[in-house]
Amino acid sequence: MRGSQNANPDAGPPEGTPSSGGPEATPQPTRRLPGVPRRGSPIGRLDRYVLLRQLGAGGFGAVYRARDEVADIEVALKLLPSFVSQNPDELASVRENFKLVAKLRHPHIANVLHLHEVEYVDSVAESALGVSPGDHLIVMDYVPGTTVLAWRRQFAKGRAPVDEALAVAMQVAEGLDYAHSRRIVHRDIKPGNVMITPDGEVRILDFGLAAQIRASMSQITHTAEVSGTPAYMSPEQWAGRPQGPASDQYGLAVLFYEMVAGAVPFASTFESNNPEIMFQTVRSEMPQPVPGLTRAQNRALLRALSKDPRDRFASCADFVSALGGRQWRRRLANAHPRVSHPPDRLTSEARPAAAWQIVLRTVLYLGLLAVSMLAGALAVQRVRAWQREQRESARTQQDADFRRSRIAKLLDAARAALAEKAPEKAGAAVDRALAMDPENTDAKALQRDVILAVSLAEVIPARSEAEMKWKRAQAFERGEGFGEVIDRNLAVLAAANMLYEAKEYSQALDRYRQLIAEFERVQKLDAVRQSARRDKESAAAARVRTTQAGADETAAELVAGAVNLAESAQRAFDGGEFAEASKLWITACAEFAKAEASAKGTQAIEAARQRYDAEAAKIAPDLLQAYGAEEWAKVKLAMDEATHLAIEGNWDEAVKKWNQARLGLVAAHVQALERKAKAAGPVAPDSPEGAALAAARAAQAVAKAEVAKVGNDWDSVLLFSQEALTHDAESERARRLFAEAQAALRVKTTIVAVVGDKEITGARVLINDEPLLAATPTTVDMEKGREYRVAVKYEPTAGDQRFLPAQTTFMADKPGDYVLRVVLERAAFPPDLVEVAGAEYALLSGLALGGREAQARQRDAVANARLPLEARSARAGIVFRLVPAGEFVRRPVPGAGAAVEAQAERKVRVSRHLYVSRSEITVSHWQAVMSPGSTPPAGEEGELPKAGVTWEEADAFCRSLCLVEGVPAGSYRLPTEAEWEYSCRAGTQTPYYTGETEGDLRAAAWYGASGGAPHPARRLLPNAWGLCDTLGNAWEWCADWSAALPLADLTDYAGPENGTERILRGGGWNSPFAETRADVRSALNPATTLPDVGFRIVRALPPAP
């Protein structure tokens, strides 16, 4: 199904009928035989539809004009193919697609009305349409008029005027954008699917259904069917990838190209009818610009024809708007343009034919037909046979040529892969070449080279790894038998190297692999040995701790057992049983730890008992017995429990019980005194009884504080020591505990600002948004457990470096002294540059290979380094583009000779991002810096490059610009030669960033063939980084002295320290084609100049953070 209401290309488009293919036949007048009903007369019926006439034959059957007797309208009917109609799954899929398409209602889209299931059909309609009850029909709007294919033939050579073509494209774009907004894609935009009505309106036919039915046919018949017409298919359609609105935009661009050029892009390629050639051409080549269009229009057209859908316009309307320019957009705003309809394309209703004329034409036609049939039957057969033979011969030759070309490319790729040390990739290419021609001698020879390279690719890394590992092994300690093992394997390594030198690669590889495995075993064994030594050291340290804890007396049995284990471990280690020795030392370490714990526990119990005894010595037992007998009984019970726990070795619990007994004792003492005083009557605070009670209460609080101190509960220590001091302000124990608690609970935080790995002074600090008086480093008292928000700002008063503010949060869960290091990051963007809002990335259409990758690096620099794509100097207003760090390959210049530079390839690296002026320094730039306050030049004069300047004058301009912008000298400067060529190429390796031919150069440069005069800046195609006029217009000074380039790879190369001439690059408006290249060098005395010598500048950035 080629399209709604589509006609057979051989029959031509009768009334209201578009033709159906990409490159289509010229429509022929419709001829009728005697007896055929006149237009408007019924020729059959099915259900509610009366067939009036056949409009044409599409890819899947005839299309008929019919009258809907229920709705009283004329419609177009198309039969759904039986292989879809009779397949439930495919019919359901078509129905779902139909639901989407049927919702489209737009003045520039032919409506699809509904999907009709046939119930009744008369014999005439059944014969005409081949339809039976149960089949399905697609019912569509009937659109009178003519297709774009027929419409453009009214113009000379089929080339429509640009305004007429824009009117058609604009209406098609409106319809497509409307459909795209509803997530519907046409996928087959072509002249046969665009109808122009008699009143000049444009309608899009066949929206979505033809592509859906072709997909259904492909699934049912298991044939590969690419949806679309070849000449109008986008690269993603050819590749079978998902298609979206950008695919329709590509088809619209081809349609417009054909309307104004008279032929589709790559027309000769599509005439070959070879899918492989067509696909390769569409995928890799760019169409030639259309002569009748302006440079801006060609640029917009080529962007819409971009290979990558992401490089096309955001919408079809944006594309058409870019084609028309400002004047066209104003015209659209004032009036909707209409398309002129050809005066000789009237419908038959407007120009009816007389009956006798029809009869006469028919008789003449039949007579001529009979004569031609009698006279030329045999000739036709011979001609057709000869044509078939010619086509077959041409196809065979074409296939052979293609195979030879493909094999040559595969072998070239294999050689390149071998040169790049990628034998697996080379082998794959050779295998593909041999599959196409098993007897190809070059492929067989290259296969042998690949096999040798694969062997070397395996053995060389193995040899390197084995040598490296056994070199490391020589650092192992040679004791415990390791020396003999190392010497033996070094002898094996020497033997393997002899096999390698004898080119016995297979045997050598086996030896190297054995050596690698043996090294792994020895290395693991040495790791176990070292681990055992560490365990020995741990056991020795544990033994020292047990002695210091006095365990030799209090836990002698445990210590003796641990010593025996350590001695057994040493004997195992000396016998090479490293793992066993490690286990024994670990066990000995655990036994020593038990002995140490026993000794410390015994000591802790003794200390707790002594503290109890000290308290008990101050208290009269008779007082407790008389006034606190019950509490005293509890204290004695706690003492008994502590004694039993100590005997059981439960030291921690025993200590707790002694502390409990002590606290109970002092509490019982206080209660006894209170009861005694109560029995005697009121007690005066200054009486002996009152003083004794206060001292007892103070002793009770001190005891609680000391118990809390043992548990490191400093909050409780502080609380109880304060309580003790309220009872006895002179208590030395209470004062000491209070001071210790205050010191332990202190949180002091020192805030330090750090840049890189260095501390800096003078940064401002804000805590919870309140500024501190002191700058970093500064120490602040904080509260334990409270969260603080700390911000640090550093603004140096000198230099062009800026720092980003930093903020963090801090909270101390425990008391102590803390250091908070706040890291500041350098801001890569200098303060004298201002970001240019709305800057766009350069278009990639028309650029050589490598431009896309270069722009990807530029995008990464914008995102990751947080640098703007485009910036201008704050005062002089010079615009710069970001050039990311990277490298290029400097190759010999053809025909340059050894006198110019050593003829060798080398990599040249630029290690830091740069801002490079978007164009050469213009007359306006020069005047703004060198003559501030003067009247700016009028018109385009100010946009001309400032030419005829010496190197010394260009350098003076840079120094003056630094003063104007208030930055250190050298911030603005001339580019080095390496920076210049890297910036000019923007990822490409061709002589021009647009390609290799002079035709490619014309799109990017003003040179000798462009008039011999300077031109305003930024009028030609920029490179991938958005730099204009790097080639031609004016030679550009570089910072370097002239000298032959070194042979080695270069990083940030700035030339020799002195010389007699300075480098010039890029060519000027008087330069011949051969000199206007990215790789041609020239030089001149820095104190002299020529009329076409100018310069551009760079803004050096501070080191990356």
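Would you mind finding the one in 95, 65 that is within 30 Å of residue 171 (Cα to Cα), in a helix (DSSP H, G or I) and assigned by TED's automatic domain parsing to the domain that holds residue 179?
Values: 65 fails: in a helix (DSSP H, G or I).
Answer to the check: 95.
For the condition on the phi < 0 side of the Ramachandran plot and in contact with a Phe, Trp or Tyr (Cβ under 9 Å, 6 or more places away or on another chain), what is the one hit in 523, 514? Give the steps one after another, and end with the answer.
Working: 514 fails: in contact with a Phe, Trp or Tyr (Cβ under 9 Å, 6 or more places away or on another chain).
None of the other options fit; the residue is 523.
Is it the case, given these coordinates, that residue 367 is farther than 25 Å from residue 274 by Cα, modelled with pLDDT of 60 or more and out of contact with any helix residue (DSSP H, G or I) (no Cβ under 7 Å at 6 or more places or on another chain)?
On the way: farther than 25 Å from residue 274 by Cα: yes; modelled with pLDDT of 60 or more: yes; out of contact with any helix residue (DSSP H, G or I) (no Cβ under 7 Å at 6 or more places or on another chain): yes.
Considered against the rule, which asks whether it is farther than 25 Å from residue 274 by Cα, modelled with pLDDT of 60 or more and out of contact with any helix residue (DSSP H, G or I) (no Cβ under 7 Å at 6 or more places or on another chain), residue 367 comes out as yes.
If you take the residues of region 222-242 that are assigned to a loop (DSSP other than H, G, I, E, B) and of a type in the set (Gly, Ala, Ser), which of them is modelled with the lowest pLDDT?
224
Sort out which residues of region 916-937 are small (Gly, Ala, Ser) and at pLDDT 85 or above, and write them in order of number.
917, 919, 924, 928, 931
Filter region 864-884 down to residues that are in contact (Cβ under 8 Å) with a residue 60 or more places away in the chain and of a type in the set (Val, Ile, Thr), then give me how many there are.
Looking only at that region, the number is 2.
Here are some conditions: (1) in a loop (DSSP other than H, G, I, E, B); (2) under 30 Å from residue 749 (Cα atoms). Residue 808 meets all but one. Which one does it not meet?
All conditions are met except number (1).
For region 262-281, which positions are within 38 Å of the chain's Cα centre (by Cα) and charged (D, E, K, R)?
276
Taking region 449-486, which residues are surrounded by 15 or more Cβ atoms within 10 Å (Cβ to Cβ), more than 15 Å from residue 507 (Cα to Cα), hydrophobic (A, V, I, L, M, F, W, C) and more than 38 Å from the chain's Cα centre (by Cα)?
Scanning region 449-486 gives 470, 473, 476, 482, 485, 486.
Looking at the structure I just gave you, is residue 834 hydrophobic (A, V, I, L, M, F, W, C), more than 30 Å from residue 856 (Cβ to Cβ) and assigned to a strand (DSSP E or B)?
Working: hydrophobic (A, V, I, L, M, F, W, C): yes; more than 30 Å from residue 856 (Cβ to Cβ): no; assigned to a strand (DSSP E or B): yes.
No.
Is it fair to say residue 728 is in the same structural domain as residue 685 (by TED's automatic domain parsing), without any contact (Cβ under 8 Å) to a residue 40 or more places away in the chain and more than 30 Å from residue 1099 (Cα to Cα)?
Yes.
May I ask you to list the residues in region 747-782 that are outside any strand (DSSP E or B) and either loosely packed, with under 14 Cβ neighbours inside 10 Å or polar (S, T, N, Q) (or both)?
756, 757, 761, 762, 768, 769, 773, 774, 776
Tell me which residues, restricted to region 100-130, are β-branched (Val, Ile, Thr) and either touching a Cys at 6+ places or on another chain (Cβ under 9 Å) or within 16 Å of residue 80 (Cβ to Cβ) (or both).
Those that are β-branched (Val, Ile, Thr) and either touching a Cys at 6+ places or on another chain (Cβ under 9 Å) or within 16 Å of residue 80 (Cβ to Cβ) (or both): 101, 112, 118, 121.
Residues that are within 30 Å of residue 462 (Cα to Cα) and more than 49 Å from the chain's Cα centre (by Cα): find the helices (runs of 4 or more DSSP H) completely inside region 487-604 holding 1 or more of those.
Hits in region 487-604: none.
Among the listed residues 729, 741, 734, identify the single one that is assigned to a helix (DSSP H, G or I) and farther than 30 Å from residue 821 by Cα.
734
I need the full set of residues from region 931-977 which are in a loop (DSSP other than H, G, I, E, B) and under 24 Å from residue 1057 (Cα atoms), in order please.
Matches in region 931-977: 949, 950, 968, 969, 970, 971, 974, 975, 976.
Within region 814-832, track down each residue that is buried (at least 19 other Cβ atoms within 10 Å of the Cβ), at pLDDT below 90 and aliphatic (A, V, I, L, M).
Result: 824, 828.
Kindly indicate whether residue 472 is closer than 23 Å to residue 576 by Cα and of a type outside the set (S, T, N, Q).
yes
Those residues that are surrounded by 14 or more Cβ atoms within 10 Å (Cβ to Cβ) and not charged (D, E, K, R), I need them from region 496-506; list them, please.
Let us first name the residues in region 496-506 that are surrounded by 14 or more Cβ atoms within 10 Å (Cβ to Cβ), namely 496-497, 499-500, 504-505.
Across region 496-506, the qualifying residues are 496, 497, 499, 500, 505.
Would you tally the residues in region 512-522 being surrounded by 14 or more Cβ atoms within 10 Å (Cβ to Cβ) and either without any contact (Cβ under 8 Å) to a residue 24 or more places away in the chain or more than 14 Å from residue 492 (Cβ to Cβ) (or both)?
Result for region 512-522: 1.
Conditions (1) in the same structural domain as residue 878 (by TED's automatic domain parsing); (2) closer than 30 Å to residue 968 by Cα; (3) surrounded by 13 or more Cβ atoms within 10 Å (Cβ to Cβ), marked per residue:
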site: 784; (1), (2), (3): no, no, yes
site: 787; (1), (2), (3): no, no, no
site: 794; (1), (2), (3): no, yes, yes
site: 812; (1), (2), (3): no, no, yes
site: 855; (1), (2), (3): yes, no, yes
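Okay, residues lined up against (1) surrounded by fewer than 21 Cβ atoms within 10 Å (Cβ to Cβ); (2) in contact (Cβ under 8 Å) with a residue 40 or more places away in the chain; (3) in contact with a Cys (Cβ under 8 Å, 6 or more places away or on another chain):
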{"residue": "941", "(1), (2), (3)": "yes, no, no"}
{"residue": "945", "(1), (2), (3)": "no, yes, no"}
{"residue": "950", "(1), (2), (3)": "yes, yes, no"}
{"residue": "972", "(1), (2), (3)": "no, yes, yes"}
{"residue": "977", "(1), (2), (3)": "no, yes, yes"}
{"residue": "983", "(1), (2), (3)": "no, yes, no"}
{"residue": "992", "(1), (2), (3)": "no, yes, no"}
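Which condition breaks for residue 1047 when tested against (1) assigned to a strand (DSSP E or B); (2) surrounded by fewer than 19 Cβ atoms within 10 Å (Cβ to Cβ)?
If we test residue 1047 against (1) assigned to a strand (DSSP E or B); (2) surrounded by fewer than 19 Cβ atoms within 10 Å (Cβ to Cβ), just (1) comes out false.
In the list 593, 626, which residue meets the criterion of being more than 17 Å from residue 548 (Cα to Cα) and surrounded by fewer than 20 Cβ atoms within 10 Å (Cβ to Cβ)?
Exactly one residue qualifies, and that residue is 626.
Listed residues 658, 714; which is in the same structural domain as residue 647 (by TED's automatic domain parsing), under 60 Å from the mean Cα position of the chain (by Cα) and either surrounded by 19 or more Cβ atoms within 10 Å (Cβ to Cβ) or aromatic (Phe, Trp, Tyr) (or both)?
Going through 658, 714 in turn, just one is in the same structural domain as residue 647 (by TED's automatic domain parsing), under 60 Å from the mean Cα position of the chain (by Cα) and either surrounded by 19 or more Cβ atoms within 10 Å (Cβ to Cβ) or aromatic (Phe, Trp, Tyr) (or both): 714.
Quick one: which residue in 433, 457, 496 is small (Gly, Ala, Ser), touching a residue at least 24 places away in the same chain (Cβ under 8 Å) and under 30 Å from residue 576 (Cβ atoms)? So that I can check it myself, show each step before the final result.
Working: 433 fails: under 30 Å from residue 576 (Cβ atoms); 457 fails: under 30 Å from residue 576 (Cβ atoms).
Just one listed residue meets the conditions, 496.
Determine whether residue 812 is under 26 Å from residue 864 (Cα atoms), out of contact with any helix residue (DSSP H, G or I) (no Cβ under 7 Å at 6 or more places or on another chain) and hydrophobic (A, V, I, L, M, F, W, C). Step through it out loud before you land on a result.
Numbers: under 26 Å from residue 864 (Cα atoms): no; out of contact with any helix residue (DSSP H, G or I) (no Cβ under 7 Å at 6 or more places or on another chain): yes; hydrophobic (A, V, I, L, M, F, W, C): yes.
Taking the combined requirement at face value, the residue does not satisfy it.
Tell me, which residue of region 838-873 that is modelled with pLDDT of 90 or more and more than 27 Å from residue 307 (Cβ to Cβ) is nearest to the chain's Cα centre (by Cα)?
It comes out as 868.
When you go through (1) of a type in the set (S, T, N, Q); (2) buried (at least 17 other Cβ atoms within 10 Å of the Cβ); (3) within 30 Å of residue 830 (Cβ to Cβ) one by one for residue 731, which number turns out not to apply?
Among (1) of a type in the set (S, T, N, Q); (2) buried (at least 17 other Cβ atoms within 10 Å of the Cβ); (3) within 30 Å of residue 830 (Cβ to Cβ), residue 731 violates only (3).
The values are calculated or read from the model by the stated rules, or taken from the named source; none is laboratory data. Fair warning: this is a prediction, and the values are worked out from it, not measured in the lab. Positions of Cβ are generated from backbone atoms using ideal geometry, with glycine treated the same way; all protein chains shown enter the neighbour counts.
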